[in-house]
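Colleague: Sharing a structure here in structure tokens format.
Bear in mind these aren't lab numbers, they're just calculated from the coordinates by the rules spelled out. What you see is a predicted model; the values in this text were computed from it and never measured. Every residue, glycine as well, gets a Cβ built from its backbone with ideal geometry; the counts of neighbours run over all protein chains shown.
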């Protein structure tokens, strides 16, 4: 199992991060399709009062996967993220289900924020990735961990820019 923990400082308050970015369809379309260059993105958020549920289906680029991994995963790869944001604790917990080898892969995570100032937060993401595929499980975990870090870095920069432009 590989654990990925990232921390980014964002120039907004918690509500702006959650509802102006994370659960904002315009933001997500621009992030996934524009900034991250994913070939496909579909998202749905449902406010259920005390919680917000989120379902995101994406087709990330697969060009960077090592050859042995591409052989197992194929030329096309997608995943579905399903999660729940608890408005009381302000924590978002999620699981990711890949289109290939779902029975051999487990990716679960949590996002939360800490207030640093009036318009400043630290956004944390902690994700556990486990891939149980003979001979290449570690390669797949390493690639997923590397992509997660890069995508969260890009998303943080995009969020800071987004907040400046939309405020």
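Colleague: Give the stretch 23-40 a look and list any residue that's over 30 Å from residue 139 (Cβ atoms), touching a residue at least 40 places away in the same chain (Cβ under 8 Å) and surrounded by 18 or more Cβ atoms within 10 Å (Cβ to Cβ), or say none.
Modeller: 23, 27
Colleague: Hey, another quick one. Anything in the stretch 29-60 that is over 23 Å from residue 91 (Cβ atoms) and touching a helix residue (DSSP H, G or I) at 6+ places or on another chain (Cβ under 9 Å)? List them, or say none.
Modeller: Answer for the stretch 29-60, where residues must be over 23 Å from residue 91 (Cβ atoms) and touching a helix residue (DSSP H, G or I) at 6+ places or on another chain (Cβ under 9 Å): 30, 34, 35, 36, 38, 39, 40, 41, 60.
Colleague: Here are the criteria: (1) in a helix (DSSP H, G or I); (2) closer than 21 Å to residue 55 by Cβ; (3) out of contact with any strand residue (DSSP E or B) (no Cβ under 6 Å at 6 or more places or on another chain); (4) touching a residue at least 12 places away in the same chain (Cβ under 8 Å). Tell me which single one residue 148 does not satisfy.
Modeller: (3)
Colleague: Report every pair of residues separated by at least 6 positions or lying on different chains whose Cβ atoms are under 8 Å apart, first residue within the stretch 125-138 and without any contact (Cβ under 8 Å) to a residue 60 or more places away in the chain, second in a helix (DSSP H, G or I).
Modeller: Partner pairs satisfying both residue conditions: 131/104; 131/137; 131/138; 131/140; 131/141; 131/144; 132/104; 137/104.
Colleague: Within the stretch 88-99, identify whether any single residue is part of a helix (DSSP H, G or I) and either over 15 Å from residue 17 (Cβ atoms) or without any contact (Cβ under 8 Å) to a residue 24 or more places away in the chain (or both), and answer yes or no.
Modeller: No, the stretch 88-99 contains no residue that is part of a helix (DSSP H, G or I) and either over 15 Å from residue 17 (Cβ atoms) or without any contact (Cβ under 8 Å) to a residue 24 or more places away in the chain (or both).
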